[in-house]
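K.L.:
Next up is a structure, given as structure tokens.
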Amino acid sequence: LPGGPPVRIGFVHPLVRAAVRGDLPPARRRALHAAAARLLAGRAALDHRIAAAAGPDPQLAAAIEELVAEPGAALSGAEAADLLRAAADLSTAPDDRERRLLAATSRLIGDGEIARAVALEAAVSGCRPGPWRSAVLGQLALFTGRFGVAREWFEAARATAPDETGGGAADRPGDRARAGAAAHLAILHLLHGDPERAVATAGVALAHPAPGDDVRLPAGLALVLGLAASGRGADARAVLDRASDGDDRPPPVDALLLRGVLATLAGDDPAAAADLDEAVRRARAGEPVRGLALALAFRPAVRDRNGAADGVVEGFELAVTLARDGGTALPGALAHAF
């Protein structure tokens, strides 16, 4: 259109695109992707370079890993995982391939894509022994309800010697893996009815110099719920309040979720309903949250206690369905129990 934005040519329907693309011989398809990559830049060019690859390409794998690591990449956990998995497949050096595979699986777990992460379990098991491998296998076992196996993997990760190479402790993957193993082991202690031990182990995890969400969120969950289960509800609430101190932004969705769970356990149903409803609303609007299935399990229980006439059973069914489809056994079991 004269004077309008640049024209973008595309297919009228994804099935038409798939049919045309599927009819192309593989060599022709790779050649077209390679040509498209030369005309584009950034992420779009990289996607075409990946599709054009006919075998291992260490340089392309390194470029993918660099893109994922860029602060401004704005990738979701699942998008980053797909790119890192592609980078792993393009790698030739075992160290590079295993690092990228473990990072991809960790990203899927962090994004709540447990079913997709479990599909990589056999590949992760094929990696050489190390704390990161053990921690990832432990998380996969934990989230699929294999608690005894999970404990063995977490204890194996924590038993490995600290890294002596690389940058500071915050940058060494082995040290981060040990902190992540401690964070998830704290959740296991909580599930086994030992809140004091859960609090202590969560403290060990949070002592890592720079705990990311992969450490901070599970350790924070175990710490807050462990304090509440130990009769220290005020301390638990104080931990949540400190998480957003000095920040004018709304509290993180995971903090809202935990606040709603605490309010539920304390019998403060109006506050629980407000926090859980807001957490679910923000999660559905696209904000990342690991515990959506947990919020959906508690939410209809609160509605039932508030005397809601409709939507309670449907709410539990939604929680069970989400947990089943996402491969997360724990929230589904909780919703069944409620």
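The values are calculated or read from the model by the stated rules, or taken from the named source; none is laboratory data. Keep in mind it's a predicted model, so treat the numbers as computed, not measured. Here the Cβ is made from the backbone with ideal geometry for all residues, glycine too, and neighbour counts use every protein chain on show. SASA here: full protein model, heavy atoms, side chains in, ligands and nucleic acids out. Shrake-Rupley method; radii C 1.70, N 1.55, O 1.52, S 1.80 Å.
K.L.:
Gap in Å between the Cα centre of segment 21-91 and the Cα centre of segment 92-165?
P.N.:
24 Å
K.L.:
Rounded to the nearest 20 debye, what is the charge dipole size of the chain about its Cα centre when +1 sits on each Lys and Arg Cβ and -1 on each Asp and Glu Cβ? Please report the intermediate quantities before stating the final value.
P.N.:
Values: 38 positive and 42 negative charges, 198 e Å.
The calculation lands at about 940 debye.
K.L.:
I'd like the orientation of helix 213-229 relative to the chain: the angle between its Cα long axis and the longest Cα principal axis, in ° from 0 to 90, rounded to 10.
P.N.:
10 degrees
K.L.:
With an 8 Å cut-off on Cα pairs and a minimum separation of 6 or more residues, tell me the relative contact order of segment 84-141 in percent.
P.N.:
Relative CO of segment 84-141 lands at 28 percent.
K.L.:
What accessible area per residue comes out for segment 95-167, rounded to a whole number of Å², with a 1.4 Å probe?
P.N.:
46 Å²
K.L.:
While we're here: For the chain, what does -39500 (n - 2.57) per DSSP helix run (n ≥ 4), summed and divided by total residues, give at 222 nm, in deg cm²/dmol to the nearest 500?
P.N.:
So the helix-based figure for the chain works out to -22500 deg cm²/dmol.
K.L.:
Starting with the highest mean, order 188-198, 120-130 by the number of other Cβ atoms within 10 Å, averaged over the residues of each peptide.
P.N.:
188-198, 120-130
K.L.:
Explain nothing, just the number: relative contact order of segment 249-338, from Cα pairs under 8 Å at least 6 residues apart, as a whole percent.
P.N.:
After rounding, I find 24 percent.
K.L.:
Turning to a different aspect of this structure: Give me the percent of the accessible area of the chain that comes from carbon and sulfur atoms, probe 1.4 Å, all protein chains in place.
P.N.:
About 56 percent, which is the carbon plus sulfur part of the accessible surface.
K.L.:
Working from Cα positions, state the angle (0 to 90°, nearest 10) between the long axis of helix 58-69 and the longest principal axis of the chain.
P.N.:
Value to nearest ten degrees: 40.
K.L.:
If all Cα-Cα distances of the chain are sorted into 10 Å bins from 0 onward, what percent lands in each bin, rounded to whole numbers?
P.N.:
Binned Cα distances yield the sequence 5, 21, 29, 22, 14, 7, 1.
K.L.:
Turning to a different aspect of this structure: Per residue, how many Å² of accessible area does segment 283-338 show with a 1.4 Å probe?
P.N.:
That works out to 54 Å² for each residue.
K.L.:
On C-alpha positions alone, give me the angle between the axis of helix 173-191 and the longest principal axis of the chain, in degrees, nearest 10.
P.N.:
Its long axis makes an angle of about 40 degrees.
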